[in-house]
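The values are calculated or read from the model by the stated rules, or taken from the named source; none is laboratory data. Since the structure is predicted, the reported quantities are computational estimates derived from the model, not experimental observations. Every residue, glycine among them, receives a Cβ derived from its backbone with ideal geometry; neighbour counts consider all protein chains shown.
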Amino acid sequence: MIVTINEKSGFCWGVVRTIDIAESVLNEKNNNAYILGKIIHNSKEVERLANLGLKTINHSDFENIAKNEPNATVIIRAHGEPPSTYKQLDNLNINYVDATCPLVTNLQNRVRKYYEQGFQIIIFGKKEHPEVIGLRGVCNDECVVIRSLEEAYQINDFSKKTVLMSQTTMDKHIFHQIEDYLKSKIKNLLNIGYIDNNFLSRDTTCRAVTSREEPLKQFAKENDILIFVSGKDSSNGKALFNTCLKENPKSYFIEDLNEIDWNWFENVEKVGITGATSTPMWLMEKIKKAIEDKFN
């Protein structure tokens, strides 16, 4: 049996940057390191960093940290935060390090700009996803958040000029379906003189995710079965897994080794292993070794 890890898988540069920042804070002496929310959507990497001393907190912990831990440092994770979080940290004099992914920071700046210009803002994303909570924060929550084409059908108010943007980890193909639908709907409204409007669309899906799709399709075809390793809460993990599944119906989504069904490997010669942008390489290597030990 040949077991191969997809060379295009593993952490994206934004996750690498965040992990590097967290490890740097952990290496500082006399410093209690905290991360605001799970650092990434991968429980095994969260567990590894926790074993190094990184503690996961939420906003309700700020008061206690401010009172009792003068040497604490809070890390803002890659997903970003709304302005209210930074204000709260400043008011409580809590030291913090901002590890927001630069792509997310850029998206926040664009949302803020269009909001200040009076645009209706439509965000393709998950309303309670931490990245989208940050986006909602920079426009005072005056935006429309949709997560499917069906929800786009429900948007009827185009009395203001409108801009469509996306949470960085959403499926770009669905984004473009929504884009085409809204363009068509607004064009029809303009033709009958119902509105005098303009529509802008900005594809803000992450290229670190979308650039993996074509190589991933080929990788899925080349193997008898595919083991896709990802945290279950990872948006890009779900999107990339669906890409695999379309090319190879024998694709299996797991979070860790204990979820493997060894019956999957019956009469299999070539096994491919891949994952999300938040899947650590060490975890895929661990799974590769376990499969090879089992069958070779």
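Things to note:
- Hey, residue 5 within 17 Å of residue 237 (Cβ to Cβ), more than 20 Å from the chain's Cα centre (by Cα) and β-branched (Val, Ile, Thr) or not: yes
- Of the helices (runs of 4 or more DSSP H) contained entirely in the range 1-87, those carrying at least 2 residues that are of a type in the set (Lys, Arg) fall at 43-51.
- If the condition is being more than 21 Å from residue 7 (Cα to Cα) and surrounded by 12 or more Cβ atoms within 10 Å (Cβ to Cβ), then the range 248-258 contributes no residue at all.
- Every residue from the range 154-188 that is among the polar types (S, T, N, Q) and touching a residue at least 60 places away in the same chain (Cβ under 8 Å): 167, 168, 169
- Residue satisfying all of: in the range 6-35; among the hydroxyl-bearing types (Ser, Thr, Tyr) and in contact with a helix residue (DSSP H, G or I) (Cβ under 8 Å, 6 or more places away or on another chain); modelled with the lowest pLDDT among these: 9
- Per the listing 235, 278, 230, the residue uniquely farther than 17 Å from residue 6 by Cβ and surrounded by 14 or more Cβ atoms within 10 Å (Cβ to Cβ) is 235.
- Selection status of residue 5, of a type in the set (Val, Ile, Thr), surrounded by 15 or more Cβ atoms within 10 Å (Cβ to Cβ) and under 30 Å from residue 269 (Cα atoms): yes
- Restricting the range 159-172 to residues that are over 14 Å from residue 201 (Cα atoms) and surrounded by fewer than 20 Cβ atoms within 10 Å (Cβ to Cβ), the residue that is nearest to the chain's Cα centre (by Cα): 160
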